[in-house]
Amino acid sequence: MGRAFEYRKARKLKRWGNMSRTFTRIGKEITIAAKAGGPDPSTNPRLRALMQNAKAANMPKDTVERAIKKATDKDAGDYKEITYEGYGPHGIAIFVEAATDNNTRTVANVRSYFNKLGGSLGTQGSLTFLFDHKAVFKIKAKEGVSLDDLELELIDYGVDELEHDDEDIMLYGAFEEYSNIQKYLEDNGFEIISSEFERIPHELKEVTAEQRAAIDKLLEKLEEDEDVQNVFHNMKEDEEGEE
């Protein structure tokens, strides 16, 4: 699973090279979280986590505050989170997550991208069996806490995989366990750098360079849409292209 996440991360970092696009994406998530659970991060765990993500992305504090304020603005659009599923060229499965105030516009756009670029939009739930929906936390290693002990402890809170490098630890758990994992980390004084929901493919599909070019056209078109938050797929990334 970790390797799949690395491929996904490479694509995301490439996309997030556009800082303003990153801020827009996180800002929408903050607005949705504040609307659902209130604007006070001390009583809204999801908002608290998203503010940590914003900090990790160097998002200006006033931009974060505007996103929170937008949740109580009667004139602001009411964002809804919606998913779309389909197949791109050469049978690559594509999962699209959007946050939109106009689903009619968004679904029309997403369908047109699939149709024009060699894919087809499917029904909701049609690709669920190909992906694991995971909560992914990046935390700082804590002095005096062994990774083996931490892993054993976190199993009880829904973590099913742990990876680490010299400084940071990646935790993977089921989507439904997000709040349990977050609560444990906060209660035990771990520094959460960021937390996200990922759809990690069970298997990655090999493609040729020519096939990749056609698939990338569709993925890039989807990622450029202002309503689209995340695009997941099961194409194996080009390792040489990651550098």
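The values are calculated or read from the model by the stated rules, or taken from the named source; none is laboratory data. Remember, it's a predicted structure, so these values are computed and weren't measured experimentally. All Cβ positions, even for glycine, are placed from backbone atoms using ideal geometry, and neighbour counts span all protein chains on display. SASA here: full protein model, heavy atoms, side chains in, ligands and nucleic acids out. Shrake-Rupley method; radii C 1.70, N 1.55, O 1.52, S 1.80 Å.
So V159 clears everything in (1) in contact (Cβ under 8 Å) with a residue 60 or more places away in the chain; (2) buried (at least 17 other Cβ atoms within 10 Å of the Cβ) except one condition, right? Which one?
(1)
Within segment 129-156, which residues are among the aliphatic types (A, V, I, L, M) and exposed (fewer than 15 other Cβ atoms within 10 Å of the Cβ)?
Correct list: V145, L147, L152, I155.
Condition check ((1) outside any strand (DSSP E or B); (2) without any contact (Cβ under 8 Å) to a residue 40 or more places away in the chain) across all residues:
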{"site": "Q124", "(1), (2)": "yes, no"}
{"site": "D132", "(1), (2)": "no, no"}
{"site": "G144", "(1), (2)": "yes, yes"}
{"site": "L150", "(1), (2)": "yes, yes"}
{"site": "L154", "(1), (2)": "yes, yes"}
{"site": "G173", "(1), (2)": "no, yes"}
{"site": "E177", "(1), (2)": "yes, no"}
{"site": "S195", "(1), (2)": "no, no"}
{"site": "E210", "(1), (2)": "yes, yes"}
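Among the listed residues E210, E224, identify the single one that is open to solvent by 50 Å² or more (accessible area, probe 1.4 Å), closer than 24 Å to M59 by Cα and out of contact with any Leu (no Cβ under 6 Å at 6 or more places or on another chain).
E224
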